[in-house]
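Asker: Supplied in structure tokens, the structure appears directly below.
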Amino acid sequence: MHYRDLFISIVISLCNKDDGKPPNPINQLSAATQTGEGTFACLFNGKLFIDNSQRFNCFYQFIDVEYYFNISGISDDSLPSDISIGAYKNQIFKNETYQFTSQLMKVYLHY
């Protein structure tokens, strides 16, 4: 009787608990770091974009009394394959949300 109970417990624990729902894309993003991990990830139209090539480019500069920010990356595993996000002549503040609808905030994509 003990072996049967043990067998049933093992079988139940091995059952797939996947409910058929796709994973939430935001949960697939890597954790934010400030230690030079060499990754860049974002969601574009709800789809995950990850650049693990360690060749992505990011800068935030103050030039001629204006602020410039840009981050761009390449992915072999997703479309778009290249993404570049930038703020031109626009200061960026922590914990703020920015809309990329003006000439000063741009997103460039390459498929």
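Asker: Using a 10 Å cut-off around each Cβ, can you sort Cys58, Cys42 from fewest to most neighbouring Cβ atoms?
Answerer: Final ranking by Cβ density, sparse to dense: Cys58, Cys42.
Asker: What distance in nm separates the two pseudo spin-label positions at Asn45 and Cys58, each 7 Å out from Cα along the beta-carbon direction?
Answerer: Going by the 7 Å Cα→Cβ label model, 2.5 nm.
Asker: Which order do the peptides 79-91, 62-74 come out in when sorted by mean C-beta neighbours inside 10 angstrom, highest first?
Answerer: Descending packing order for the listed peptides: 79-91, 62-74.
FYI, it's all coordinate maths here, none of it is from the lab. All figures in this text were calculated on a predicted structure; none of them were measured in a lab. Methodologically, a virtual Cβ is constructed for each residue, glycine included, from the backbone with ideal geometry; neighbour enumeration extends over all protein chains shown.
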